[in-house]
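Each remark here refers to the structure printed beneath this line.
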Amino acid sequence: MQITSLFKEVLETDEMILDDFKIAPYTIDWRKRYQTSCRCVLRPKSVQSLQKIMRIAYENHIAVTPQGGNTSMCGASIPSVENSVIVILDRISKVRSLNILDKTVTVEAGMVLANVQSFVREAGFYFPLSLASEGSCQIGGNIACNAGGLNVLRYGTMRDLVLGLEVVLPNGDLISHLSSLHKNTTGLDTKQLWIGSEGTLGIITAATLKIYAQANEKITLLVACEEINQVLSLLEKFQFEYMHELTSFEYMSLPVFELSQNYSGISFGLSGQHFVLCELSLDNEQGFNKDLLLEQLLSLGLSNTIIASSDKESQKMWQVRENISEAQKNTLGVSIKHDIAVPISSLQSFIENTELKIKSEFPDAIILLFGHLGDGSLHYNISLARDHSNEVYQYEEKLNQLVYTEVIKCSGTIAAEHGIGQLKKKWLSWVRTEQEIQIMQLLKKNIDPRNIMNPGKVLPD
Ligand SMILES: Cc1cc2nc3c(=O)[nH]c(=O)nc-3n(C[C@H](O)[C@H](O)[C@H](O)COP(=O)(O)OP(=O)(O)OC[C@H]3O[C@@H](n4cnc5c(N)ncnc54)[C@H](O)[C@@H]3O)c2cc1C
């Protein structure tokens, strides 16, 4: 029987998208780096429907790619083998419960991140995961990628925010352990397997997440620096003076800052080579001493600073930061992207050495460096002046090699927060030991013996 006919037997008509024109947007990734095909897109309206889908997929060896907001940067969210089906969870997207005493919210996996943030905010609390893609990415995708984002410094990554999970396994069985316990030492913490698994071990359907008190006041400031070591001194100073208050420490190099300012139609009139966008979140009601902050900046020789004087000004600063990926995609076309992290103590030498290596082989390289420097992670994107089209991908392997060689020298990682997907799987062995990869393969084989869950992602073929 045809794949679509098998699903038609158990699903309602509106749970299947069969029309090629309607399927098309689900088969291309956000970067337009990968284009693929699939037999159909399945839109289960309940967890029970999803279980039926997985039972059929399991019995008939049909490859399934779960897709959230399709904002993956490494081709994780679209199929990489033929005859796959895509499963989307936009109809499994309710809030299940809010528990104020436990400080938790339980939401379904198809809920868009921005909707979770606003639901929690309206209830008087704060959900800290924040990414530029928050208007479209979904909680299930955030968990499956172990998303990081802007507030990792204080709240950690998605892994640190998940207390309980509900997952449909490849054979259709349901594991529901939506625990709201902040402590639980009863053997291995199996939910961690699904966090960061990029859809290769099952489909996440719901999660119990930590929520926090809202800050009394937020201070946003934009600091221009001439030297990268001033950026690092600023981080050191803030981590000492504002250990509990520092929530974001975002870095933008000059080309990135200019590109995004122009794209956003915003100009802050700051001059420098390096720019830092910081957020301090204050929990007490004593008010903030801005004069002291300015003095601290001056002591580092940093006078070229703007402290946002209104929410509007703060939003403009964040707009410049959050528009970077869009600005790059729409202005410079195709780029070779790297989502790396190195120990902060090695950042300066990494940045200097990598630029030297790249420029010596690609003199026309435009290096766009930005990211969550406060936690050591940087987006190292490279455009080539010679070409803005897909032709640039012919240089990807060489550029990856140059960048990743420097990353490894610093004991860093090739995937700080975007995951491996299909883009980086051949580089996995550069950063994980043979034994670690074997353990991953063993787990995959046991949980997904028929290799139907997002095949072709993360692990080497
Ligand atoms: C402009 C922009 C800015 C970004 N900024 C950041 C950032 O600051 N930090 C960061 O970490 N990431 C960032 N990203 C990357 C991306 O948004 C995140 O990885 C996000 O968590 C992916 O969520 P999604 O719902 O779009 O997942 P998708 O892209 O749809 O899927 C990603 C992976 O998760 C799997 N998946 C999706 N839903 C489920 C589910 N319910 N169950 C099991 N597996 C599932 C997919 O199979 C795939 O492997 C950015 C992306 C863009 C486009």
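A few points about this structure:
- Summing charges over neighbours of LEU18, with a neighbour being any other residue whose Cβ is under 10 Å away from its Cβ, gives +1 when K and R count +1 and D and E count -1.
- Under 16 Å between alpha carbons - lysine pairs in the range 217-325 that sit 8 or more apart or on different chains: 4
- Bridges between two residues of the range 3-88, per DSSP, are antiparallel at a rate of about 30%.
- For THR205, distant residues with modelled amide H under 5 Å away: GLU166, VAL167, VAL168
- Tensor-based shape of the range 217-325 (alpha-carbon gyration tensor, a/c under 1.5 rounded, otherwise prolate or oblate): oblate
- In straight-distance terms, cross-link reach from LYS445 covers every one of the lysines whose alpha-carbon lies under 20 Å from its own, apart from those fewer than eight places away in the same chain; here that gives LYS191, LYS425, LYS426, LYS457.
- The Stokes-Einstein estimate for the chain, based on a Kirkwood radius over Cα pairs and taken at 37 °C with 0.692 mPa s viscosity, is a diffusion coefficient of 141 µm²/s.
- Ordering of 179-185, 447-453, 212-218 by packing is 447-453, 212-218, 179-185, highest average first (other Cβ atoms within 10 Å, averaged per residue).
- The aspartates and glutamates whose alpha-carbon is closer than 13 Å to the alpha-carbon of LYS424, local same-chain residues fewer than 8 away aside, are GLU198, ASP339, GLU396, GLU397, ASP461.
- Summed residue charge, Cβ within 9 Å of CYS145's Cβ, Lys/Arg positive, Asp/Glu negative: -2
- Every helix of 4 or more DSSP H residues in the chain counts as -39500 (n - 2.57), and over all residues that averages to -9500 deg cm²/dmol at 222 nm.
- Non-local Lys pairs in the range 333-421, i.e. 8 or more apart or on different chains, that have alpha carbons under 15 Å apart: 4
- Packing-based order for 397-407, 198-208, using average beta carbon neighbours within 10 Å, highest first: 198-208, 397-407
- Fraction of antiparallel bridges per DSSP, the chain only, in percent to nearest 5: 85
- Using the Cβ of VAL95 as centre and a radius below 12 Å, the other residues enclosed give a net charge of 0, where K and R count +1 and D and E count -1.
Taken together, the values in this text are just the output of simple stated rules run on the coordinates, not laboratory data. All figures in this text were calculated on a predicted structure; none of them were measured in a lab. Cβ sites come from the backbone with ideal geometry, for glycine too, and all protein chains shown count toward neighbours.
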